[in-house]
Amino acid sequence: MSAVAALLDLFPNKSDLARDIGLKSPTHIGTMKVRMQINPFLWPAVVESARKRKVRGISIRSLHAAHQADAPLRETLKSQPRGAVSTAEPARASA
């Protein structure tokens with residue numbers, strides 16, 4: 001799991017987070033997780049939402065660190081052709 005996704009998963013209610021930061025739909029939270037990025041202009045609103053909802057571990061510093069940690073994986077995924085199977089994470093075995 002990406003570091004950005006892990007921070008977003010700290011919020012128990014994605015709908016509340018989306019509303020707090022001014023997104024039209026909670027599905028945008030999922031998009032941020034998949035892209036491993038939160039637009040930096042939303043960071044203050046994310047921090048404020050965490051404070052309001054008593055979610056610990058969210059700060060401008062933690063958001064910056066998460067984005068830095070995910071940068072190599074984002075670059076690896078960007079360099080792959082569309083539709084290519086990623087080797088960044090092991091494939092899940094199907095039953």
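What follows is calculated from the coordinates using simple rules that are stated; it is not laboratory data. Just so we're clear, the structure is a prediction, and the values are computed from it rather than from any experiment.
Tabulated data for the structure shown
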| quantity | calculated |
| --- | --- |
| Per-residue HN-Hα couplings for segment 52-68 [Karplus 6.51, -1.76, 1.60; θ = phi - 60°; Hz; x = Gly/Pro] | 4, 9, 6, 9, 8, x, 10, 8, 4, 5, 5, 5, 4, 4, 5, 5, 5 |
| Residue-averaged [θ]222 nm for the chain, counting only DSSP H segments that reach four residues, each worth -39500 (n - 2.57) | -16500 deg cm²/dmol |
| Mean separation of Cα contacts under 8 Å (6+ apart) over length of the chain, as relative contact order % | 31 percent |
